[in-house]
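Comments concern the structure below.
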Amino acid sequence: MKNILFIVNNGKISPNVNGGAAVYYSHLELLYKSGFNITVLSVQWGETDTFNDVDFFEIKDMVKKIVSYKIFQKTPTNGTDRLFNAFFRPHIFEYYFLNKKNQKYLKIITKEHSIDLVWAEWRWAGLWAGFSNLSIPVIYAHHDWEFKLAKLRKKGNLLQKFHTFQKKRVEYKLVKSVSACISGSNTEALEIEKVSNKKALYIPTTYKDMIVQLQVNDKPNIIHLGGMGTTANRLGLERFLDVCWDSIKKENPTIKLIIIGGLSEAPASLLKKLKDTNIECLGFVKELSDVLHPQDIHIIPWEFNTGTRTRLPLIFNYEQVLVGTKASVEAFPEVWDKENSLLCDTLEEMTSKINLILSDKSARQRISKKGKETFLKSFTVENRVQELKKYLENLE
């Protein structure tokens, strides 16, 4: 049995909090069921970031120990060294936590806990572990490409474009430097393989099978799940409201759009549009089984193939009808148009497909049933644990 150091952002680790927390929980459960001893290193990246033991109550039975560390940020001074780093060491130029103090701590903790393998969740943890010159393998759990998201958020000025270019250099260097990469996106796993010339493993977010279910609504709702802190949720929902919503309401005057997830990071323009009387904003919902009815229409209107849709397996788990753009689910080879979902090239096409499926009960029943079958086949720990175990064993 090997000892793994699981480096993760400080905060709750749970399948019922947000997408990132669900990924952390999924990976921990997979490692636990693979037979590894797990030490969790909870990293506090900011000055106001505070470790709270209660955040980890759902994983305590799966891990050997939980330790915390407040990262040290060393602001550089301008000069020839800074210029040298910009050209030749972009990771140090961009990320101030890549310094000797943090590197030393990581080497000490891996030695003290007899760590055989480091698992780094998300980009900053990956950068820290990947560039600390450890003598043991480092696995980078890749969530998304930061440089791609930066390009989509807004058109930056020249300086911002320079930093985006630098981040691309860093991310490419990182996937080349670590021992191996895990990704929840099949397409990004293939991209990592191309950049790094190493085998990357596609492992989607896994969840427990939902047995208790709500009753089917007489009239289906439209559901959007995910907090507005995520770029794809925030921009995708606003685009849906701009392009699709009025036409859908015109054909279905009593339709309800249910928004599940926190709105604290939603822009003012989006909040204004959410005041529509046909829209209900529920905020964060701990028990999704209280609100996700089978055969409701679940939308993913994001128009780009970036990162992974961590909540997509839940759509299938709760037997909802997925209607999404092809780009948004391109990361999932398990998603098939007209079988377990309805996929669209554009949001205009999404409008017409939603209007059609709202009036076709038999199609909703068929697609939702296929979705549940897909979940049971592809998105549980039992489906994926042997695949991960074999991949890690082959790193030896």
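The values are calculated or read from the model by the stated rules, or taken from the named source; none is laboratory data. The structure displayed is predicted, hence computed values, not measured ones. All Cβ positions, glycine included, derive from the backbone under ideal geometry; neighbour counts span all protein chains shown.
Looking at Lys249 and the list (1) charged (D, E, K, R); (2) closer than 24 Å to Asp218 by Cβ; (3) surrounded by 18 or more Cβ atoms within 10 Å (Cβ to Cβ), which single condition is not satisfied?
With (1) charged (D, E, K, R); (2) closer than 24 Å to Asp218 by Cβ; (3) surrounded by 18 or more Cβ atoms within 10 Å (Cβ to Cβ) applied to Lys249, the lone miss is (3).
Could you check segment 1-39 and list, in sequence order, the residues that are under 20 Å from Val54 (Cα atoms) and touching a Lys or Arg at 6+ places or on another chain (Cβ under 7 Å)?
Asn16, Gly19, Ala21, Ile38, Thr39
Taking segment 345-364, which residues are out of contact with any Pro (no Cβ under 8 Å at 6 or more places or on another chain) and surrounded by 22 or more Cβ atoms within 10 Å (Cβ to Cβ)?
Taking segment 345-364 as the starting set, the residues that turn out to be out of contact with any Pro (no Cβ under 8 Å at 6 or more places or on another chain) are 345-346, 348-349, 351-357, 359-363.
Across segment 345-364, the qualifying residue is only Ile354.
Return yes or no: is Arg239 outside any strand (DSSP E or B), within 28 Å of Ala363 (Cβ to Cβ) and in contact with a helix residue (DSSP H, G or I) (Cβ under 9 Å, 6 or more places away or on another chain)? Even if it seems obvious, please write down each step before you answer.
Working: outside any strand (DSSP E or B): yes; within 28 Å of Ala363 (Cβ to Cβ): yes; in contact with a helix residue (DSSP H, G or I) (Cβ under 9 Å, 6 or more places away or on another chain): yes.
Here the answer is yes, as Arg239 does meet what is asked.
Out of all the residues in segment 140-147, is one or more without any contact (Cβ under 8 Å) to a residue 40 or more places away in the chain and of a type in the set (Ser, Thr, Tyr)?
Just the residues of segment 140-147 that are without any contact (Cβ under 8 Å) to a residue 40 or more places away in the chain, to begin with: 146-147.
Remaining after also requiring of a type in the set (Ser, Thr, Tyr): none.
Checking segment 140-147: not a single residue is without any contact (Cβ under 8 Å) to a residue 40 or more places away in the chain and of a type in the set (Ser, Thr, Tyr).
Filter segment 194-230 down to residues that are among the β-branched types (Val, Ile, Thr), surrounded by fewer than 19 Cβ atoms within 10 Å (Cβ to Cβ) and farther than 20 Å from Ser368 by Cα, then give me how many there are.
Start the filter on segment 194-230 by keeping residues that are among the β-branched types (Val, Ile, Thr), which leaves 195, 203, 205-206, 211-212, 216, 222-223, 230.
From what is left, the residues that are surrounded by fewer than 19 Cβ atoms within 10 Å (Cβ to Cβ) are 195, 211-212, 216.
Pick out the ones that are also farther than 20 Å from Ser368 by Cα and you get 195.
Residues that pass the stated criteria total 1.
Can you tell me which of (1) at negative phi; (2) modelled with pLDDT under 95 is the one Gly226 doesn't meet?
Answer for Gly226: the failing condition is (1).
Scan segment 72-89 for residues that are closer than 20 Å to Asn10 by Cβ and in contact with a Lys or Arg (Cβ under 9 Å, 6 or more places away or on another chain) and report the count. Can you show your working first?
We begin by selecting, within segment 72-89, every residue closer than 20 Å to Asn10 by Cβ; these are 72-74.
So of that shortlist, the ones also in contact with a Lys or Arg (Cβ under 9 Å, 6 or more places away or on another chain) come out as 72, 74.
Going through segment 72-89 one residue at a time, the tally reaches 2.
What pairs come out if I take residues in segment 193-216 that are among the charged types (D, E, K, R) and pair them with residues that are in a strand (DSSP E or B) whose C-beta lies under 6 Å away, six or more apart or interchain?
Glu193/Ala200
Could you list, in sequence order, all residues of segment 18-32 that are in contact with a helix residue (DSSP H, G or I) (Cβ under 7 Å, 6 or more places away or on another chain) and without any contact (Cβ under 8 Å) to a residue 24 or more places away in the chain?
Once the filter is applied, which keeps residues that are in contact with a helix residue (DSSP H, G or I) (Cβ under 7 Å, 6 or more places away or on another chain) and without any contact (Cβ under 8 Å) to a residue 24 or more places away in the chain, segment 18-32 yields nothing.
Quick check on my filter: what residues within segment 110-127 are touching a Leu at 6+ places or on another chain (Cβ under 7 Å) and either part of a loop (DSSP other than H, G, I, E, B) or at positive phi (or both)?
His113, Ile115
Looking only at segment 174-198, count every residue that is of a type in the set (S, T, N, Q), under 12 Å from Tyr140 (Cα atoms) and not in a helix (DSSP H, G or I) and tell me the total. Working first, answer last.
Start the filter on segment 174-198 by keeping residues that are of a type in the set (S, T, N, Q), which leaves 177, 179, 183, 185-187, 196-197.
Narrowing the set further to residues that are under 12 Å from Tyr140 (Cα atoms) leaves 177, 179, 183.
Now drop any that are not not in a helix (DSSP H, G or I), which leaves 179, 183.
The qualifying residues number 2.
List every residue pair whose Cβ atoms sit under 8 Å apart, with the two residues 6 or more apart in sequence or on different chains, where the first one lies in segment 292-307 and is within 19 Å of Glu191 (Cβ to Cβ) and touching a residue at least 40 places away in the same chain (Cβ under 8 Å) and the second, anywhere, is among the small types (Gly, Ala, Ser) and part of a strand (DSSP E or B).
Here the result reads Trp302/Gly324, each pair linking segment 292-307 to a residue that is among the small types (Gly, Ala, Ser) and part of a strand (DSSP E or B).
Is there any pair with a first residue in segment 158-174 that is touching a residue at least 24 places away in the same chain (Cβ under 8 Å) and a second that is among the hydroxyl-bearing types (Ser, Thr, Tyr) whose Cβ atoms are under 7 Å apart and which are 6 or more apart or on different chains, and what are they?
Listed by first residue and then by second, the contacts come to Leu174/Tyr140.
List, please: which pairs have Cβ atoms under 8 Å, are six or more places apart or on different chains, and start with a residue in segment 383-396 that is closer than 19 Å to Asp116 by Cβ and end with one that is assigned to a helix (DSSP H, G or I) and at pLDDT 95 or above?
Pairs found: Val385/Leu30; Val385/Lys33; Leu388/Leu30; Leu388/Leu31.
For segment 332-353, state whether one or more residues are farther than 23 Å from Lys148 by Cα and of a type in the set (Gly, Ala, Ser).
yes
Please work out which residue is nearest to Leu214 (Cα to Cα), limiting yourself to segment 314-331 and to residues that are in contact (Cβ under 8 Å) with a residue 40 or more places away in the chain and touching a helix residue (DSSP H, G or I) at 6+ places or on another chain (Cβ under 6 Å).
Of the residues in segment 314-331, the ones in contact (Cβ under 8 Å) with a residue 40 or more places away in the chain are 314-322, 328, 330-331.
Among the residues that remain, those that are also touching a helix residue (DSSP H, G or I) at 6+ places or on another chain (Cβ under 6 Å) are: 316-317, 319, 321-322, 330-331.
On the way: Phe316: 14, Asn317: 12, Glu319: 10, Val321: 15, Leu322: 17, Glu330: 29, Ala331: 29 Å.
In this case the residue turns out to be Glu319.
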